[in-house]
Amino acid sequence: MSLVTKSAAELAALLDAREVSSVEVTQAHLDRIAAVDGDVHAFLHLNADALDTASAIDKARAEGAASGLAGVPVAIKDVLCTLDMPSTSGSKILEGWIPPYDATVVARMRAAGLVPLGKTNMDEFAMGSSTEHSAYGNTHNPWDLSRIPGGSGGGSAAAVSAFEAPLALGSDTGGSIRQPAAVTGSVGVKPTYGGVSRYGAIALASSLDQVGPVTRTVLDAGLLHDVIGGHDPHDSTSIPDAWPSFADAARAGQREGAVRGLRVGVVSELAGGEGFQPGVVQRFQEALALLEAQGAEIVEVSAPSFQYAIAAYYLILPAEASSNLAKFDSVRFGLRVTPDGQPTVEDVMSATREAGFGDEVKRRIILGTYALSAGYYDAYYGSAQKVRTLIQRDFDAAFAKVDVLATPSAPTTAFPLGSKVDDPLAMYLNDLTTIPANLAGVPGISLPSGLAPEDGLPVGIQFMAPAREDARLYTVGAALEQLLEAQWGGPLLANAPALA
Ligand code: GLN
């Protein structure tokens with residue numbers, strides 16, 4: 001148990017001091033997966049070569065050819081292409097599909113010597129907030145197995161919070177890294193749009209998607225972001241500039257006085273009220289008070305267009321998703337269903353898409369196709385794009401006054417499995433606080449702010465920064481994490497029932 005409770009930074013230090021080997025660390029996590037994943041179901045596939053990879057890295061370390069996170073295990077959301085493991089994006093239409101290439105983020109992790117443990121469960125094509133839209137069964141929240149682990153990246157968040165992996169990768173189009181992190185008591189970062197390569201991430205909505213880290217500490221997220229981030233010529237939206245070290249930014253947050261003078265804007269439209277659970281709001285306000293006591297300035301800011309964010313997102317996302325998913329046509333790869341008789345290619349395509357896509361995916365394809373159709377394009381898609389511009393302007397106006405913005409990461413704690421899966425609108429409303437950052441391309445972090453008094457479940461606080469200022473999130477996140485852990489007497493997850 002003890003090796004699996006260590007952070008990636010701690011494991012890296014032990015590996016560096018030759019106190020443990022990567023084989024031991026990897027084996028400990030595989031044992032943990034064997035012990036708990038029957039209940040949690042965070043993983044869809046395990047990497048059969050994990051121990052061989054670990055052993056090769058131990059050799060490289062002995063020869064001085066490996067350092068940093070080399071030898072530390074990582075879990076990978078199944079939306080990311082991996083050469084050696086199936087990549088299904090949670091869909092039947094890609095069952096068993098093994099991509100011919102690695103996503104850039106995966107290639108970079110391998111080059112840094114991280115050891116892939118396997119692929120994690122997710123809502124089909126990353127559509128959802130509970131992982132219940134996966135074609136491969138539910139993932140359970142390690143804090144309470146009858147609750148959702150968030151979504152779409154519930155598998156990555158559950159793996160990290162159940163101590164099955166110290167690090168994981170997720171993707172965030174409207175909150176799929178931050179909301180699962182919030183409801184499982186872990187840390188998740190959605191980087192600036194263009195900060196991390198999308199090459200080899202199976203696209204949901206290309207103008208919103210970003211890959212990012214899911215971890216148990218802010219420093220670990222910075223360490224992983226440093227490995228996966230930076231310019232990639234394979235992604236035409238990748239920002240060409242150099243980035244600072246996010247691990248250094250997190251370490252800066254651990255120093256005395258790190259938040260003195262920091263201006264924290266509280267978005268009044270997203271700070272409570274209808275839909276927000278009282279305990280979530282309470283923990284949010286307490287966290288702000290803690291920052292204020294350290295010399296941060298708390299400023300109320302208004303972002304009036306944020307109230308239209310969900311409406312705009314649920315037009316733009318389906319529009320982009322419907323065209324991105326057109327490639328699953330049974331011809332080139334993936335599932336093929338051939339109806340009886342003398343089917344035409346159209347018959348095969350439609351039978352394949354009928355059998356291969358789940359209800360939520362079909363719903364969004366229909367919505368998106370409708371929103372893009374000739375007579376309605378301006379009324380729906382065009383209007384949504386205008387709202388998107390207004391939201392970006394609200395961010396600009398807010399960041400003229402403050403350094404970071406704060407909101408609760410999600411309006412509620414983890415809800416019971418089955419409680420919203422048949423009510424799409426209730427599911428969409430969960431994304432209230434996370435969607436604005438995707439629509440504007442700005443970075444966001446979620447970290448634990450405590451347990452809600454009403455149900456004892458984790459609550460997350462979100463910070464957002466201007467585009468390219470991801471480093472600020474690591475500094476303020478690490479500072480707050482340290483203040484909160486001093487109050488709790490250690491990490492929130494140290495008291496998780498998953499450890500019992
Ligand atoms: N819950 C959002 C949705 O269903 C988030 C998706 C995501 O970030 N991948 O679209």
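A short reminder: the numbers here are calculations on the coordinates, not readings from a lab. Computed from a prediction, not measured in an experiment: that's the story for all the values here. Note that each Cβ is placed from the backbone with ideal geometry, even for glycine, and that neighbours are counted across all protein chains shown.
Phi-derived couplings, Karplus 6.51 cos²θ - 1.76 cosθ + 1.60 at θ = phi - 60°, listed residue by residue for the range 124-139: 3, 6, 6, 9, x, 10, 8, 6, 6, 8, 5, 7, 10, x, 7, 9 Hz, with x used for Gly and Pro. Look at where the Cα atoms of the range 321-377 and of the range 115-162 average out, and the two centres are 25 Å apart. For the range 176-244, taking Cα atoms only, Rg and Dmax work out to 12.2, 35 Å respectively. Structural descriptor for the range 124-234: relative contact order 24 percent, calculated from alpha carbon pairs under 8 angstrom and at least 6 residues apart. The amide H of SER449, built 1.01 Å from its N in the peptide plane, has VAL459, GLY460, ILE461 as neighbours under 5 Å, considering only residues 5 or more places off or on other chains.
Under the convention that each Lys and Arg Cβ holds +1 and each Asp and Glu Cβ holds -1, the size of the dipole of the range 158-310 around its Cα centre is about 160 debye. Dividing the Cα radius of gyration of the range 351-495 by its Kirkwood radius returns 1.06 for Rg/Rh. Helical content of the chain, expressed as a calculated mean residue ellipticity at 222 nm, amounts to -11500 deg cm²/dmol (DSSP H runs of 4 or more residues, -39,500 (n - 2.57) each, divided by residue number, nearest 500).
At the listed q of 0.14, 0.16 Å⁻¹, the Debye profile of the range 278-321, built from one uniform point per Cα, gives log10 I(q)/I(0) equal to -0.59, -0.68.
Over the range 251-293, the reciprocal of the mean inverse Cα-Cα separation, the Kirkwood hydrodynamic radius, stands at 12.0 Å.
Ranking ALA35, THR217, MET85 by Cα position along the charge dipole of the chain, where only Lys, Arg, Asp and Glu carry charges on their C-beta atoms, puts THR217 farthest toward the positive end.
The amide H of LEU167, built 1.01 Å from its N in the peptide plane, has ALA75 as neighbours under 5 Å, considering only residues 5 or more places off or on other chains.
Within the straight-line cut-off of under 17 Å between alpha carbons, the lysines reachable from LYS327 are LYS92, LYS362, sequence neighbours fewer than 8 places apart in one chain being disregarded. For the range 27-101, dividing the convex hull volume of the Cα atoms by the residue count gives 107 Å³ per residue. Given the chain, what percent of its DSSP beta bridges are antiparallel, to the nearest 5? The answer is about 65 percent antiparallel. A convex hull fitted around the alpha carbon atoms of the range 34-151 yields 112 Å³ per residue. Under a 5 Å amide H cut-off, with hydrogens placed 1.01 Å from N, VAL267 pairs with VAL301, ALA406 among residues at least 5 apart or on other chains. In plain terms, the C-alpha convex hull of the chain casts an average shadow of 22.5 nm² when viewed from every direction.
Dipole magnitude for the chain: computed about the Cα centre from +1 point charges on Lys and Arg Cβ and -1 point charges on Asp and Glu Cβ, it is near 580 debye. Scaled against 2.2 N^0.38 Å for its residue count N, the alpha carbon radius of gyration of the range 214-322 is 1.39. When peptides 49-55, 215-221, 254-260 are sorted by average Cβ neighbour count within 10 Å, with the highest value leading, the order is 215-221, 49-55, 254-260.
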